[in-house]
Structures are given as structure tokens and as C-alpha cells.
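Structure first, commentary second.
The values are calculated or read from the model by the stated rules, or taken from the named source; none is laboratory data. Note that the coordinates shown come from a computational prediction; the quantities given were computed from them, not determined experimentally. Methodologically, a virtual Cβ is constructed for each residue, glycine included, from the backbone with ideal geometry; neighbour enumeration extends over all protein chains shown. Side chains are part of the model used for accessible areas, which takes the heavy atoms of the whole protein and leaves out ligands, DNA and RNA. Shrake-Rupley method; radii C 1.70, N 1.55, O 1.52, S 1.80 Å.
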Amino acid sequence: MSDVSELYKKVTTTELTPKDRMAIPQMDMPSQDPKKRARLMSEVALGYTAEMAVVEANRCLQCKNQPCVAGCPVNIDIPGFIAQVAKGEFKAAVDTIKVTSLLPAICGRVCPQEKQCQGLCTVGKVYKNAEKAVSIGRLERFVADWERENNQVTMPEIAPATGKKVAVIGSGPAGLTVAADCARAGHEVTVFEAFHKAGGVMMYGIPEFRLPKAIVQNEIENLKKIGVKFETNFLVGRTNTLDQLLSEKGFDAAFVGTGAGLPKFLNIPGENLIGVFSANEYLTRANLMKGYDKEHADTPIYEAKKVIVCGAGNVAMDAARMALRLGAEEVNVVYRRTRNEMPARLEEIAHAEEEGVVFRFLENPVEVLGYDNPEDRETFGKIRAVKCLSYELGEPDESGRRSPVAIPGSEHEIECDAMIVALGNGSNPLMVKTTPGLEADKRGHIIVNEKQLTSKPRVYAGGDIVLGAATVILAMGEGRKAAAAINEQLK
């Protein structure tokens with residue numbers, strides 16, 4: 001910390017040249033001890049101190065062409081907010097972000113900055129190492145946390161009431177963004193959420209140790225303060241149809257942001273055995289339904305000591321790390337390619353490894369094996385192992401990743417008592433099936449135009465239900481476009 005203090009003194013008392021800025025070392029994010037945190041639900045990353053944030057912000061070269069802004073799906077004025085951080089003007093910094101992004105405390109934690117804004121950062125390119133880029137996401141998280149922890153949150157100005165009503169279906173990042181922008185325009189906004197808590201994937205999908213739920217709920221409370229209403233336990237398509245909301249309930253426009261919550265499976269023998277879960281179900285039980293609280297939860301989590309996770313994205317990392325926190329003694333991530341092809345964030349992979357997750361590369365399940373003695377009621381029908389094949393990498397596929405090729409005769413078993421399938425999600429077909437005139441493509445993604453308008457008049461859509469599985473910030477970007485179009489329509 002003394003080194004940080006010395007750097008802080010230097011950057012705040014010296015006129016820095018670009019060369020000086022390039023010489024400032026990147027500030028690492030403090031985090032909990034891996035051995036301790038692997039059994040704790042509390043947040044792993046601890047965040048920057050004020051001194052660290054100021055030092056890191058002074059690494060920014062304030063490029064005139066602003067490549068980082070081009071890499072941001074909602075075009076945050078990144079150099080502008082970082083310049084404020086560099087001066088210690090934290091409130092001005094977060095206000096700059098909030099001109100275009102409403103959820104900085106969330107995006108700063110879960111967005112893949114290394115593939116977006118930081119991926120284009122000039123500092124990273126000079127180093128020829130994207131990991132050395134200015135830590136934009138960490139700075140975004142810092143100023144958002146600073147605002148909240150210092151009671152500096154200010155509510156946006158609200159236009160006079162228009163008398164118009166907007167229905168928002170789904171309370172994930174796209175839905176919350178639409179709700180905020182439409183409420184600002186003076187419309188009466190109601191958000192309909194199928195679960196008992198609002199927040200969408202930020203509540204049920206992303207674990208507490210990556211995104212504390214209190215932060216999500218804080219954002220929802222802020223929306224309530226500007227007049228947004230929330231109806232939970234309300235499944236549009238069953239409780240009411242979309243047409244009923246528009247005709248019988250008097251809504252003038254609707255936004256569909258129901259996400260992509262239909263899990264994909266391996267479609268191999270034995271996948272219906274007891275102890276096989278989709279990552280969706282596993283994480284929802286743990287995050288939203290608090291299945292880890294075995295004494296009080298209505299649906300306690302399935303106990304397992306040896307867990308296999310199939311997949312290599314962020315959801316797979318979340319599931320593997322959650323399994324440790326739920327009592328697993330051994331967690332193996334099975335992936336048919338190598339580390340180089342893993343789509344998960346590098347930070348999440350590193351955190352998983354530090355906590356003891358084992359990666360088994362170039363392997364893939366071909367069958368789930370179970371106990372088959374019907375007289376043993378304790379074990380009959382439960383998973384006991386997974387049969388896998390070994391692979392080698394062949395030629396690149398259409399995505400540019402080298403295709404895995406099975407090695408004949410390489411079958412082998414991995415003992416386990418639970419398997420979590422984390423292969424991505426498809427679109428829930430309920431909305432399309434219950435809404436005549438609402439068109440979707442062959443994958444179930446709702447079709448929209450450049451203003452997020454669907455084939456059905458007055459109905460807009462965005463986020464994962466349109467894009468497939470995407471990021472929080474991409475969903476927010478679609479929400480902003482949809483809200484602008486709705487506000488224009490309702491003038």
C-alpha cells in the first residue's frame with residue numbers, strides 16, 4: 001500500500017507526460033484469499049481504494065480518437081469519466097457514465113471489458129497485451145460504489161406525466177433500462193417479472209460472489225423512487241397474454257425483454273438421471289431460492305461431493321465455483337477444446353483455478369452412467385460417473401476456433417455424484433406461442449427492426465430474446481434504443 005501511496009502522491013502533484021503515464025504500473029484488484037473465499041458466498045473482488053483508482057485513472061492517455069468509446073455498446077464517455085477519476089472528482093465521474101449507462105455498479109463487475117472497451121485501449125496495444133489496458137471496468141465499479149456508499153446517488157429529472165402506459169416484460173438489464181428511460185419521459189411504467197424477485201439474470205444467474213444482490217436491488221429501489229411499478233410472480237403468456245396487456249389493461253406500448261432462459265443439453269444417454277442439472281436450474285436454486293441455506297430453503301440444493309461441469313463460458317465458471325461453495329470437495333470442468341479456446345473471461349478462469357477448480361481439456365461426455373440396482377433405494381437412478389472421450393484439435397470451424405476431433409478408443413470414466421450442463425441457453429418460446437403476429441427466427445429469437453420494433457405494432461423487444469445469450473451492456477444498449485423509439489411513438 002505504501003507503493004500505491006507514493007504513486008498517488010506522484011500522479012497528483014506532477015504534470016504527467018504520455019511517457020510518464022505509460023510507466024505507471026497497472027493497479028491489481030484486491031481480492032479475498034482463495035482458500036477462504038472458495039467456501040464463502042461474499043464477493044471475491046474487493047474493489048479499488050480511492051488512491052488506487054486515482055493512480056489507475058492516470059494511466060489513461062486521453063486519446064483524441066477515443067477507441068475505447070467505440071468499443072462500448074452504449075458509447076460511454078470513457079475518457080471523460082476517467083479524467084474526472086484522475087482528479088478525484090468521483091461524483092462527476094459517475095454522473096458522466098450515467099448519461100448513457102444506468103447500471104455502472106453492475107456493468108463494472110460483470111461486463112467483459114477486455115472484449116469491448118479495454119480490448120481497444122491504446123495502452124494495451126502499446127504493451128501488445130490487452131491485459132495491460134487501463135482498467136476501465138474496475139474504475140467504473142469504483143465510482144458507482146463510491147456514489148452509493150457515500151449516499152451521493154441523485155435521481156434523474158422526470159418529465160411531466162404524459163398519461164401513457166408502458167409495459168415492460170422481464171426485469172433484466174434490458175427491461176430495467178427501458179423502464180428507466182420511459183419513466184424519465186413521463187410515462188407510467190410497469191415491469192412484469194415471472195419470478196418472485198426482480199432483476200432477471202442479475203438475480204438468478206450471476207452468483208453473489210461476483211455480483212452482490214444488494215447492488216441489484218438497490219438499482220430496482222431507485223427505479224421505484226422515480227415511479228416505476230413492479231409486478232412479480234406475473235408470467236406474461238400465462239397470467240395475462242401480451243395482447244391482454246395492450247387491450248384490456250390499457251398499455252400503449254410494450255417491451256419484451258424476457259431473456260434466453262431455455263437451457264441446452266448434451267442429448268446423450270443418461271442425461272435424465274438424478275443429479276444431472278442445467279446450469280440454469282443449479283444457479284437459480286442457489287442464487288434466487290437460496291438453496292445453500294439448507295435449514296430454511298424450501299428447495300435445498302442437491303448435495304454432491306464430486307461435481308463435473310460441462311462447458312467453458314462464464315456460466316460454467318459460475319456453476320463450478322458455486323459447487324465449491326455448496327460443499328463439493330472436487331470440481332472438474334470438462335471442455336472439448338483447450339484453454340486458448342475458452343470463451344469465459346480470463347479473470348473468471350483465474351479465480352476458478354485459484355479456488356481449486358480442475359480443468360480437464362480435450363475431453364467431452366458421451367454418456368452419463370448411473371446406479372442400476374433397483375433394490376438399492378439410496379442410489380438407484382442416481383448418477384455415478386460420466387463416460388468421456390478424449391479429443392485433439394483439428395481445423396478451425398466457422399467461428400474461427402479449431403474443431404475438436406474425437407480420438408477413437410479413448411473412452412474413460414470420471415467418477416461424480418452430480419453433473420452440471422452449462423452449454424448456453426435458447427429462447428423461451430412462451431411469448432411467441434401466446435402472441436399472434438409476433439414473429440421469431442428459427443432459433444426462437446424475436447425479430448426486430450433497427451428501432452427494436454417487432455412485427456407486432458406497439459411491441460418492442462431487446463436483450464437476449466433478440467440477440468441470444470449476450471452481455472449486460474449489450475442488453476442495455478438494445479433497451480436504450482427501444483426506449484427512445486417508444487418515447488418517440490408515444491409523443
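Cross-linked pairs Lys213/Lys294; Lys10/Lys125; Lys387/Lys433: Cα-Cα separations exceed 31 Å for Lys387/Lys433. With a cut-off of 8 Å between alpha carbons and a minimum separation of six or more residues, what is the relative contact order of region 1-143 in percent? Over region 1-143, the number comes to 25 percent.
For the pair Val99 and Arg339 in one chain, pulling the backbone fully straight at 0.36 nm per residue adds 82.6 nm over the alpha carbon distance.
On the principal axes of its alpha-carbon atoms, region 3-92 has extents of 46, 36, 24 Å, going from largest to smallest. Note on Asp28 and Ala70: their simple-model spin labels are 3.3 nm apart, each label 7 Å out from Cα toward Cβ. Could you list log10 I(q)/I(0) for region 346-491 at q = 0.14, 0.16 Å⁻¹, which the Debye formula gives when each Cα is one point scatterer? The computed values of log10 I(q)/I(0) come out as -0.94, -1.01. Charged side chains reduced to their Cβ positions (Lys and Arg at +1, Asp and Glu at -1) give the chain a dipole of some 1180 debye around its Cα centre. A protection proxy built from the mean count of other Cβ atoms within 10 Å ranks the segments 374-382, 418-426, 239-247, most packed first, as 418-426, 239-247, 374-382. From the Kirkwood radius over Cα pairs of the chain, Stokes-Einstein at 20 °C and 1.002 mPa s returns a whole-number translational diffusion coefficient of 89 µm²/s. In a fully extended conformation the segment linking Glu271 and Asp293 would gain 5.2 nm over its present Cα-Cα distance, using 0.36 nm per residue. In this rough spin-label picture, where each label sits 7 Å from Cα along the Cβ direction, the Arg443-Val405 distance is 2.8 nm. Using the Cβ-Cβ distance between Lys249 and Ser5 with R0 set to 51 Å, the FRET efficiency works out to roughly 0.30. Note on region 399-491: dipole from Cβ charges, positive end direction compared against Ala485, Thr471, Thr434; the farthest Cα belongs to Ala485. Taking the 1.4 Å solvent-accessible surface of region 58-185 as the whole, the part contributed by carbon and sulfur is 50%. What FRET efficiency do you get for Asp372 and Lys224 if R0 is 45 Å and r is their Cβ-Cβ distance, rounded to the nearest 0.05? The formula returns an efficiency of 0.25 here. The mean sequence distance of close C-alpha pairs (under 8 Å, at least 6 residues apart), as a share of the length of the chain, puts its relative contact order at 15 percent. Overall form of region 203-305: oblate. Here a/c, set by the Cα gyration tensor axes a ≥ b ≥ c, is 1.5 or more, and a/b is not larger than b/c. Based on C-alpha pairs under 8 angstrom that are at least 6 apart in sequence, region 342-484 has a relative contact order of 13 percent.
Protection proxy ranking for 25-33, 305-313, using the average of other Cβ atoms within 10 Å per residue and placing the highest first: 305-313, 25-33. Here region 340-389 exposes an accessible surface that is 44 percent carbon and sulfur, computed with a 1.4 Å probe and the other protein chains kept in place. The portion of the accessible surface of region 403-491 made up by carbon and sulfur, rounded to a whole percent, is 54 (1.4 Å probe; DNA, RNA and ligands excluded). Shown is the FRET efficiency for Thr14 and Thr154, computed with R0 = 30 Å from the Cβ-Cβ distance and rounded to the nearest 0.05: 0.35. When peptides 63-73, 355-365 are sorted by average Cβ neighbour count within 10 Å, with the highest value leading, the order is 355-365, 63-73.
By the helix-only formula, in which each DSSP H run with n ≥ 4 contributes -39500 (n - 2.57) and the sum is divided by residues, the chain has a 222 nm mean residue ellipticity of -9500 deg cm²/dmol.
For the pair Val358 and Ala214, the difference between a 0.36 nm per residue extended length and the Cα-Cα distance amounts to 48.8 nm. Taking all protein chains into account, the per residue accessible area for the chain stands at 45 Å² (1.4 Å probe).
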